[in-house]
Amino acid sequence: MQLDLPLPTYYAFAIHLAFTVPLLGLEVPFTKWSHLAYRPFALYFINVKRRALELEQSKQQALEEAQ
């Protein structure tokens, strides 16, 4: 059944989108989707930490060999 109310339907849809889209911006960082935002940073910092530990160990070995 068609009610022939296209303009009110468009307004209702626009209002719905006006609330829904910004809420997604709030949901992603604080909900189960947070891994989408944070996982790349976690991988980067894991690699930075690993590289720092490797450099520290190589410096430590160089100091031990110099003595």
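Read-outs: derived from the displayed coordinates by stated rules, not from any lab. The shown structure was predicted, so the numbers you read here are calculated from the model rather than taken from an experiment. FYI the Cβ positions are ideal-geometry reconstructions off the backbone, even for glycines, and counts take in every protein chain you see.
Phi angles of the stretch 22-29 translate, via the Karplus equation with coefficients 6.51, -1.76, 1.60 and θ = phi - 60°, into HN-Hα couplings of x, 5, 4, x, 8, 6, 4, x Hz per residue; Gly and Pro are given as x. Applied to the stretch 8-16, the Karplus parametrisation 6.51 cos²θ - 1.76 cosθ + 1.60 on θ = phi - 60° returns per-residue 3J(HN,Hα) values of x, 5, 5, 5, 4, 5, 5, 5, 4 Hz, with x for Gly and Pro. Charged side chains reduced to their Cβ positions (Lys and Arg at +1, Asp and Glu at -1) give the stretch 6-66 a dipole of some 200 debye around its Cα centre. Protection proxy ranking of 35-42, 4-11, by the mean of other Cβ atoms within 10 Å over each peptide's residues and highest first, is 35-42, 4-11. Paramagnetic label reach from L3 (point 7 Å along Cα→Cβ; backbone nitrogen cut-off under 20 Å): within the stretch 17-55, residues 17-19. The calculated FRET efficiency for the pair F45 and L23, based on their C-beta separation and a Förster distance of 35 Å, comes to about 0.75.
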